[in-house]
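What follows is a single structure, written as structure tokens, with notes after it.
The values are calculated or read from the model by the stated rules, or taken from the named source; none is laboratory data. Because the structure is predicted, anything quoted here is derived from the model rather than measured. Neighbour counts run over all protein chains shown; Cβ positions are idealised from the backbone, glycine included. Heads up: the accessible areas ignore ligands, DNA and RNA and are worked out on the full protein's heavy atoms, side chains in. Shrake-Rupley method; radii C 1.70, N 1.55, O 1.52, S 1.80 Å.
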Amino acid sequence: MEPDNGIPQVELYVKASFLDNGHRSSCPFCQRWFMVLFLKSEVKELALTVIPVNMSNPQKEFKEFHSQPPVVVHNGIALTDNEKIEMYIDQTFLQLDLRSDKGAEDVCSDLYMKFNQYLQAAGINNDPKKKALLGELKRINDYYGKQGGRYMSGDELTHIDCEVLPKLQHVRVAGKAYKDFEIPSDLTHLWRYLASGYKTRAFQESCPSDQDIILHYQKKVQGQSLVKNPTLQKPTYSWDLPSDVDITANGN
């Protein structure tokens, strides 16, 4: 489907916000493709429509995909697999090259798995799981510090940034809410990377509120209560750096 101006129309189905059924999905995989397609839309490669899906009452057309979000639709083709989505986007929309360095992809590959293992482990301070997560964060910190660009693969956002920035935000927000976990302030390269990501329109337009991120894990984290009920709070966005973080210093 193409509108009158000839720009291809792409639809992205995402899990709706827990708080307002809006398009800023708490699902990090949905945010990943929102960021990718937003970047493509900024250079007029496509016209993006983001469609939130209330999973308790999904739209009739969404049910026909027989899939969970994210789902990308273009020219009647529905893509439901992350690898196929990436391949299709790269082969169909060629103007903006979002391919990432293999080294950056490898160093970020285990972060979300280690985070989920830590989050679901019993107790606030489960040392083995916590150490594993800290190890992944340090790997990313060290790699980013050595490569020297603004983002993970250089000075422009690529696929890996759209994948790992949402996951790092979940580590920061949900880790604090459920485990009182904080990304160490001495990982200054990592904080510098987050600061760069926070400034981009692609991240700002797609990032869910802290409260939505916290609610995303409520059913996954057993036996851990929250001090505050996220549904009763005004939406906030943790895009500022902690006061004890100095991104002008050399990171560990």
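List of remarks:
- Using only side-chain charges placed at the Cβ, +1 for Lys and Arg and -1 for Asp and Glu, the dipole size of segment 1-107 relative to its Cα centre rounds to 320 debye.
- What a 1.4 Å probe finds exposed on the chain is 48% carbon and sulfur by accessible area, rounded to a whole percent.
- Rolling a 1.4 Å probe over the heavy atoms of the protein chains gives segment 89-190 an accessible area of 44 Å² per residue.
- Cut-off 20 Å (backbone N to label point 7 Å along Cα→Cβ of residue 90), residues of segment 125-164: 151-164
- For a straight C-alpha distance cut-off of 16 angstrom, the aspartates and glutamates reachable from residue 179 (same-chain residues fewer than eight places away being disregarded) are 127, 210.
- Cα principal axis extents for segment 80-224, largest first, Å: 48, 35, 25
- Label point distance in nm, residue 59-residue 241, each placed 7 Å from Cα along Cα→Cβ: 4.0
- Residue 118 accessible area, assembled protein chains, probe 1.4 Å, Å²: 0
- Residue 113-residue 142 FRET efficiency (beta carbon distance; Förster radius 25 Å; 0.05 resolution): 0.85
- When cysteine pairs in the chain are screened for C-beta atoms closer than 4.7 angstrom, the residues that find no partner are 108, 162, 207.
- Top positive-direction residue, dipole computed over the chain with Cβ charges, set 77, 237, 216: 216
- Overall shape: oblate for segment 41-131, with the ratio a/c of the largest to smallest alpha carbon gyration tensor axis at 1.5 or above and b/c at least equal to a/b.
- Once both labels are positioned 7 Å from their Cα atoms along Cα-to-Cβ, the gap between residue 101 and residue 180 label points is 3.8 nm.
- Expected 222 nm ellipticity per residue - DSSP helices of 4 or more, -39500 (n - 2.57), all of the chain, to 500: -13500 deg cm²/dmol
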